[in-house]
Structure formats: structure tokens, C-alpha cells
Amino acid sequence: MKHLAIIAKINEFIQERLIGQLEDFTEELTEGGLYTFESGLSGVMVEFYNLVAGEVLAISAQRSVGILEAKAREQRLGKLERRSMSVQIKTGHYVQVEGLYAKKVPDGFAGSRHLLASHWKMISGASPAYYSAVCMLGVLSPSFEVAGKILDLQGIAYNLDRLRQLSHRVAKHCQGRQAELSRDVGESLKGLRVVIGIDGGRTRMREYKGKKNAKGNATFETPWREPKMFVIDVLNDEGIVNRHKLPIYGCLFGDDELMALLASHLQGLDIKHALQVQVVADGAPWIWNRVFDMLVSLGVQAEKIVETVDYYHAVQYVHKIVQGLPQKFARQSACLLKTFKQWLWEGNTKAIVEKCGELFKRPRKEIITYLGYLDKNQKRMQYAEYQDKKLMCGSGIVESGIRRVINLRFKNASAFWKQSNVEGLYFLRGILLAFRWNIIINNLIKS
């Protein structure tokens with residue numbers, strides 16, 4: 001009987017709002033108003049969506065009572081009563097439905113007392129389709145304001161504060177589960193040539209210090225902080241990134257936290273069965289002091305691990321060394337630079353260090369640092385060998401990732417972020433740019 005009532009409402013709507021407007025639509029098109037026609041039709045479709053969703057959600061809420069009662073018993077939820085709740089559906093429209101509400105919950109219960117919210121995999125009152133659209137545009141657009149305008153153009157209702165809050169809530173919902181939520185069913189690195197790029201970016205923070213200005217408003221400082229980032233990718237037999245395999249981005253501020261996240265991803269992707277694992281980074285000690293032992297602890301055989309210092313970072317150090325030569329060698333600098341770069345490419349940094357021992361009688365502190373960099377990273381600078389083995393010589397994959405994930409969204413002028421907020425948004429934007437958005441949404445509604 002209830003379905004008959006819905007059918008009647010749908011028929012009434014179609015007759016009045018669609019068929020009743022066909023003549024007006026036709027007239028608009030005849031006059032050349034294609035945009036007006038499409039806008040009007042789109043608006044009618046949104047109304048139709050809201051009508052059907054409202055009716056079906058209400059019926060489903062009633063039919064779900066038995067299922068919800070069983071779930072309540074499993075979770076030790078008690079004193080169930082019927083209460084109305086709001087569901088924000090894909091169009092941004094709110095639908096009121098009546099469902100079971102738990103007045104009594106066990107200690108530590110973190111879910112919603114509205115049992116339909118968890119049953120329908122809602123977050124902060126939003127349906128999966130709505131929070132997917134809102135969060136996707138929130139991290140893709142240059143600002144939340146722009147994201148809102150795009151939603152509006154698509155006929156999706158929004159509130160700017162709600163848009164911002166929902167993006168943070170979804171990111172927080174993923175916290176601690178980023179690795180498992182990012183993986184597709186059965187995804188594995190078994191038998192593949194894996195490359196991992198690691199580097200750091202920059203984001204300006206909003207850090208409150210407990211002080212207030214003359215007007216009584218809280219003041220904050222805006223220091224630059226360095227989020228650390230990794231990219232997991234796959235190389236084909238020619239040493240080129242395999243575009244048929246989706247990359248994985250990870251971005252956090254803490255060194256140990258980033259390595260723990262990387263380890264979680266790699267373990268879930270069966271890294272111990274990879275054919276080869278190359279790590280490409282600059283010479284930062286925080287990377288090289290951790291990554292090899294981490295890979296070995298995950299079961300990767302030591303002989304399969306290739307550590308590589310980015311060639312272009314190394315060349316910069318060679319340039320700085322030549323630029324710091326004593327004045328009497330100025331005429332030889334071009335020739336020396338060419339020789340040093342050739343030695344560097346061949347992995348013979350020891351020859352550069354020895355030659356500089358002849359050229360510098362009392363080298364400055366910076367020169368000693370540059371030479372030390374080349375000396376301690378010699379085994380990671382075998383570029384001719386890497387090229388022969390179809391491996392990477394540069395860290396372009398992670399530098400590109402930093403630009404796309406961090407810089408183009410979170411390094412804007414006058415943009416200041418709280419660390420707890422921006423780390424979650426890094427994750428969502430990285431998921432989107434790695435073309436894994438559907439994967440994470442499907443995993444969220446299955447979890």
C-alpha cells in the first residue's frame with residue numbers, strides 16, 4: 001500500500017512538474033534557449049530526486065527496525081526509542097526520517113545513537129553520495145569557497161561552514177585507517193618493480209599561543225612547517241612509471257609517523273613479494289636512517305632494495321663545490337664541473353672528494369658539508385648503473401606529488417592551517433589525485 005502511495009505521488013509530480021512544462025521547455029528551445037531549458041530540466045530532476053529519496057528513505061527506515069534491533073543487541077545498546085533524524089542526501093536536501101535511537105550506550109561508544117546513521121554509513125548526518133561530492137570538491141578546488149560555487153552550479157545545496165566541517169569530519173573518520181581504506185580489493189605489489197619517492201614540502205600553520213589582542217580576539221603565529229610525503233608507484237620493464245597502476249600518496253608532519261604509515265601501506269600490499277624495491281630521495285638523514293631497516297622488517301630481502309639519492313640534488317652540490325673553488329681555479333671551473341658531473345654519474349664520488357682535497361687547502365665549512373654529502377652517499381649515487389637496470393635516477397614522482405597534493409591547495413597565499421586539520425585533507429586530496437576516490441568511498445561504506 002505504501003508503494004502505491006509513492007507511485008501516486010510520483011505520477012502527480014510527473015504530470016504537474018514535467019509533462020506540464022513540456023510546452024514551456026519546447027518554446028524555450030525554439031527561441032534558442034538551450035541553456036535555460038537544461039537549467040530548468042535539471043531543477044525539475046533535483047526536485048524529483050528529493051521526492052523519491054524522501055519517500056523511499058522513510059519506508060526503508062521502518063523496514064529496518066528488526067535489523068537495527070539486532071545490531072543494537074550486538075553493540076549492547078539499550079532503551080531504544082523512535083526519533084526523527086535528518087539525512088542530507090546527494091542533492092544537499094535534508095530528508096526527515098524516523099528511526100531507532102539508543103538512549104543507553106556502553107562506555108567508550110563512539111558511534112551515532114541514531115542507529116540508521118551507522119546502518120546507512122552516514123557521516124555527520126550526510127549520506128555517502130553527499131559527503132563524497134562535497135569532500136571531493138573541497139580538496140580539489142583552490143578553496144572551500146570555490147568548491148561551494150561549483151556545488152551550487154551543479155544544483156547541489158550547500159552551506160560553506162557545513163562544507164568545511166564535513167570535509168574535516170570525513171578526514172577524521174579515515175584517521176588511523178588510511179592504508180586499509182586506500183587499497184582496492186586484492187591489490188598487491190607481488191612480482192612488481194616498486195619505486196618509493198620520499199621528500200618534504202611546506203605549509204603555513206595557524207598556531208594559537210593563548211594570547212589575545214586589544215579587541216579580545218585570540219592571536220596566532222603562522223610559521224612554515226614541513227610535511228613529509230611519500231609516493232608508492234610501480235615501474236614497467238623500461239623503467240617508466242606504469243600508468244595502469246594507481247600510485248599511493250602519504251603525507252604527515254612527523255618523521256616516525258610517516259614511516260609508520262608507509263610501512264602500513266607496504267605491508268598491506270605484500271611488499272615482501274615485490275620483485276624489487278627502489279627508494280629515491282634527497283640526502284636527508286631522517287629518511288636513510290629509517291627506510292632500509294623498515295623494509296627489511298617487512299620481509300623485503302636486502303639484495304632487492306636499491307637506495308638512490310636524487311641525481312639533481314647531487315648535481316646541485318657539485319655546482320656549489322665548483323662555485324666555492326679558490327679564485328686561482330676560476331678559469332678551470334667549467335672543465336672541473338664537467339669532470340665532476342661525469343664522475344658523479346659514474347658513481348665515483350670518491351674521485352671528486354680526492355680532487356677537492358688537492359684544490360682546497362682550507363675549505364670552508366659549507367664545502368666540507370657538501371663533500372661529506374657526496375662521500376657518505378656514494379653507494380646511493382650509482383646513476384649509470386641505475387640507468388642500465390632501467391631504474392629511476394631522480395625523485396620526480398614525489399616532487400610532482402608535493403606540487404599537486406600540497407602546493408596547489410595548501411600553500412596558497414594567506415592560507416594558514418591547523419596541523420590536525422590539514423593532515424587529513426592531505427590524505428583526501430592525495431586519494432583523489434591518485435584516482436582512488438571510488439576505492440575509499442566503497443571501503444568506507446563497507447566498513
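Bear in mind these aren't lab numbers, they're just calculated from the coordinates by the rules spelled out. Since the structure is predicted, the reported quantities are computational estimates derived from the model, not experimental observations. In this analysis, Cβ positions are derived from the backbone assuming ideal geometry, glycine residues included, and neighbour counts consider all displayed protein chains.
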Label zone at Ile6, where the point sits 7 Å out along the Cα-to-Cβ direction: the stretch 52-75 residues whose backbone N lies under 11 Å: 52-63
For the stretch 173-225 versus the stretch 54-68, the gap between their alpha-carbon centres in whole angstrom: 39 Å
Gln316 versus Val146: modelled label distance in nm, points set 7 Å from Cα along the beta carbon direction: 2.7 nm
Among the aspartates and glutamates, select those whose C-alpha is under 18 Å from the C-alpha of Lys245, and discard any that sit fewer than 8 residues away in the same chain. Glu180, Asp184, Glu187, Asp233, Asp237, Asp270
Say a site is exposed when it is one of the GluC sites (Glu not before Pro), sits in a DSSP loop, and has at most 11 other Cβ atoms within 10 Å; what is then the longest site-free stretch of the chain? 239-447
Using the beta-carbon distance between Ser414 and Arg73 and R0 = 51 Å, what value does 1/(1 + (r/R0)^6) give for FRET efficiency, to the nearest 0.05? 0.45
Mind listing which trypsin sites (Lys or Arg not before Pro) in the stretch 364-441 are in a DSSP loop and have 15 or fewer other Cβ atoms within 10 Å? Arg364, Lys389, Lys390, Lys418
Note the full-extension length gain between Ile445 and Ser118 as 0.36 nm times their separation in residues minus their Cα-Cα distance, in nm to one decimal. 116.8 nm
With a cut-off of at most 12 other beta carbons within 10 Å, and DSSP calling the residue loop, which trypsin sites (Lys or Arg not before Pro) in the stretch 160-204 qualify? Please list them. Lys190
For the chain, size of Cβ-based charge dipole, Lys and Arg +1, Asp and Glu -1, in debye: 1980 debye
For the pair Ala129/Ser60, report the inter-label distance in nm, with labels modelled 7 Å from Cα in the Cβ direction. 0.9 nm
Residues in the stretch 345-385 near a label at Ala302, defined as backbone nitrogen under 20 Å from the 7 Å Cα→Cβ point? 376-382
Cβ-based charge dipole, the chain, positive-most Cα from Val97, Gly155, Cys335: Cys335
At what distance in nm do the modelled label points of Met205 and Thr339 sit from each other, each positioned 7 Å from its Cα along Cα→Cβ? 4.7 nm
Using Cα pairs closer than 8 Å and at least 6 residues apart in sequence, work out the relative contact order for the chain, in percent. 15 percent
In the structure shown, of Lys71/Lys446; Lys320/Lys376; Lys350/Lys390; Lys172/Lys446; Lys149/Lys418, the pairs separated by more than 20 angstrom at the C-alpha atoms are Lys350/Lys390; Lys149/Lys418
Among Gly78, Gly216, Gly324, which one moves the most in a GNM of the chain with springs linking Cα atoms closer than 10 Å? Gly216
Working out 0.36 nm times the residue gap between Leu153 and Asp270, then minus their Cα-Cα distance, what length gain in nm do you get to one decimal? 37.8 nm
At 0.36 nm per residue, minus the direct Cα-Cα distance, what do Glu98 and Leu18 gain on full extension? Give it in nm, one decimal, please. 25.8 nm
Would you give the gap between the C-alpha center of the stretch 298-337 and the C-alpha center of the stretch 406-432, rounded to a whole Å? 32 Å
Report, as a whole number in µm² per second, the diffusion coefficient that Stokes-Einstein gives for the stretch 1-92 at 10 °C and 1.306 mPa s using the Kirkwood radius over alpha carbon pairs. 97 µm²/s
Quick note on Asp199, Asp256, ordering by fewest other C-beta atoms within 10 Å, gives Asp256, Asp199
For the charge dipole of the chain, defined by +1 on Lys and Arg C-beta atoms and -1 on Asp and Glu C-beta atoms about the Cα centroid, which residue among Tyr249, Tyr311, Ala351 has the Cα displaced farthest towards the positive pole? Ala351
With 10 angstrom as the radius, rank Ile10, Ile89 by how many other C-beta atoms surround their C-beta, starting from the fewest. Ile10, Ile89
Excluding residues fewer than 8 positions from Lys9 in its own chain, the aspartates and glutamates with Cα under 18 Å of it are Glu47, Glu55
For the chain: Kirkwood Rh in Å [reciprocal of mean 1/r, alpha carbons]: 26.3 Å
Just to be sure I follow: if Rg is taken over the C-alpha atoms of the stretch 312-380 and Rh is the Kirkwood radius over the same atoms, what is Rg/Rh? 0.92
As I understand it, the value is the acute angle between the Cα axis of helix 349-359 and the longest principal axis of the Cα atoms of the chain; what does it come to in degrees, rounded to 10? 50 degrees
Within the chain, what percent of beta bridges assigned by DSSP are antiparallel, to the nearest 5? 70 percent
Strictly greater than 25 Å: what percent of every Cα pair in the stretch 1-159 meets that? 48 percent
